[in-house]
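Asker: Can you read through this structure? Questions will come right after.
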Amino acid sequence: MKTKTRRDAVQSYLAQHKNIFITEMASKLQVSSMTIRRDLQRLAELGIVTLVHGGAVLNEGAAYLPAVSAREQQMRKEKNTIGAFCANQVKEGNAIYLDSGSTTKGIAEALLERQNIAVLTHSLPVMNILSTAKNLQLISIPGIYDAGTKGFFGEMARRAIQNFQIDIAFLGISAIDIENGIMSPDFQDQAIKLALIEKARQKIVVMDHTKIGLRSFTKVCGLAAIDMIVTDKMAEQSFIEKAMRAGVKVIQV
């Protein structure tokens, strides 16, 4: 079994059961206990699990958000596909905003060769990616740096966003459901998203299917405040149907 396939299986099991025993998972995947132990150690380094005797426990809760470096490893193929689709929605002359998060990095990578567009962002990874782009305008939003999310936040960032007219805001999220809409693990991220929802002409949520049904600390907005959701083909159909009935266009790629 390939390392990525095995680690995806381990994380899927954790998402469902919230804890894992090394010997049980080793037997299930037909690998050694040492292999599973190394996989769990890696997840612990990324902040996804806490190691306990004989296994690990999933780190979760309304205020918990794994570091961007951890989220980058999850659903990478799906996020790249989402990124390519979203980049195709950007027209020449557009001013767009790329939120912080692992999925918006995929959009940035797909925009590298584009020209005559303006990209605003408070995400350091997005800035790094687009710093080599020759034919688009990159505008960095200032603020106080947060190492976990690799973004710039605070009142300075919120005020800066208000100075621009934005055609499309691509919003990366940590949790969404029908009842509560978009949720965020902290007030700083919530403030940025609220500013973008106010200023952007079109609001597009970009997410893989694992965000559906999760709960987070603060509510950002209801589904009626956004225009489109772009997600992968594994997204729960009942959520998609309900979101569309609420007036949101949903695209699976």
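Asker: Mind putting a number on the dipole of segment 189-233 about its Cα centre? Charges go on the C-beta only, +1 for Lys and Arg and -1 for Asp and Glu, and I need it in Debye to the nearest 20.
Answerer: Computed charge dipole of segment 189-233: roughly 80 debye.
Asker: Could you please state how large a percent of the accessible area of the chain is carbon and sulfur, counting protein chains only and using a 1.4 Å probe?
Answerer: 50
Asker: Same structure again: With the cut-off at 1.5 for a/c, could you classify segment 195-239 from its C-alpha gyration tensor as rounded, prolate or oblate?
Answerer: oblate
Asker: For the chain, what does the helix formula give at 222 nm: sum of -39500 (n - 2.57) over DSSP H segments with n ≥ 4, over the residue count, nearest 500 deg cm²/dmol?
Answerer: Taking each H run of at least 4 residues, the total per residue is -11500 deg cm²/dmol.
Asker: For Ser12 and Asn80 in one chain, what is 0.36 nm times their gap in residues minus the Cα-Cα distance, to one decimal in nm?
Answerer: So the extension gain works out to 22.5 nm.
Asker: Which trypsin sites (Lys or Arg not before Pro) in segment 200-253 pass both tests, a DSSP loop state and at most 11 other beta-carbon atoms within 10 Å?
Answerer: Lys233
Asker: So for the pair Arg201, Lys134, with labels modelled 7 Å out along Cα→Cβ, what separation do we get in nm?
Answerer: Inter-label distance under the simple model: 2.9 nm.
Asker: Here's a follow-up. With a 1.4 Å probe and all protein chains left in place, how much accessible area per residue does the chain have, in Å²?
Answerer: So the chain comes to 48 Å² accessible per residue, rounded to a whole number.
Asker: What translational D, rounded to a whole number of µm²/s, comes out for segment 88-171 from Stokes-Einstein when the hydrodynamic radius is the Kirkwood one over Cα pairs, at 25 °C and 0.890 mPa s?
Answerer: 193
Asker: Give me the Debye-computed log₁₀ of I(q)/I(0) at q = 0.15 Å⁻¹ for the chain, equal point scatterers on Cα only, no solvent, two decimals.
Answerer: -1.06
Asker: Next question. I want to verify a result. In a Gaussian network model of the chain, Cα cutoff 10 Å, which of these has the top mean-square fluctuation: Ser184, Ser102, Ser27?
Answerer: Ser27
Asker: A further question on this structure: Suppose accessible area is computed on protein heavy atoms with a 1.4 Å probe; arrange His122, His53 from highest to lowest.
Answerer: His53, His122
Asker: Could you tell me which chymotrypsin sites (Phe, Trp or Tyr not before Pro) in segment 155-248 are loop residues by DSSP with no more than 10 other beta carbons within 10 angstrom of their beta carbon?
Answerer: Within segment 155-248, no chymotrypsin sites (Phe, Trp or Tyr not before Pro) qualify (loop, at most 10 other Cβ atoms within 10 Å).
Asker: Just to be sure I understand the curve: with the Debye formula and one point per C-alpha of segment 171-253, what is log10 I(q)/I(0) at q = 0.12, 0.13 Å⁻¹?
Answerer: Summing over Cα pairs of segment 171-253 leads to -0.29, -0.34.
Asker: Please state the relative contact order of the chain as a whole percent: Cα pairs under 8 Å, 6+ residues apart?
Answerer: Relative CO of the chain lands at 14 percent.
Asker: From a point 7 Å beyond the Cα of Gln252 in the direction of its Cβ, which residues of segment 198-231 have a backbone N at a distance under 13 Å?
Answerer: 209-210, 230-231
Asker: Could I ask something else about it? Just flag the GluC sites (Glu not before Pro) in segment 152-253 sitting in loop per DSSP whose Cβ has no more than 14 other Cβ atoms within 10 Å.
Answerer: Answer in residue order: Glu179, Glu236.
Asker: Using a 1.4 angstrom probe on the protein heavy atoms only, line up Tyr145, Tyr13 by accessible area, largest first.
Answerer: In descending accessible area the options line up as Tyr145, Tyr13.
Asker: If you add up the charges near Val248, with Lys and Arg at +1 and Asp and Glu at -1, over every other residue whose beta carbon is less than 12 angstrom from its beta carbon, what do you get?
Answerer: With Lys, Arg at +1 and Asp, Glu at -1, the neighbours total +2.
The values are calculated or read from the model by the stated rules, or taken from the named source; none is laboratory data. The structure presented is a predicted model; accordingly, all values stated were derived computationally and were not measured. Methodologically, a virtual Cβ is constructed for each residue, glycine included, from the backbone with ideal geometry; neighbour enumeration extends over all protein chains shown. For accessibility, only protein heavy atoms count, side chains too; no ligands or nucleic acids. Shrake-Rupley method; radii C 1.70, N 1.55, O 1.52, S 1.80 Å.
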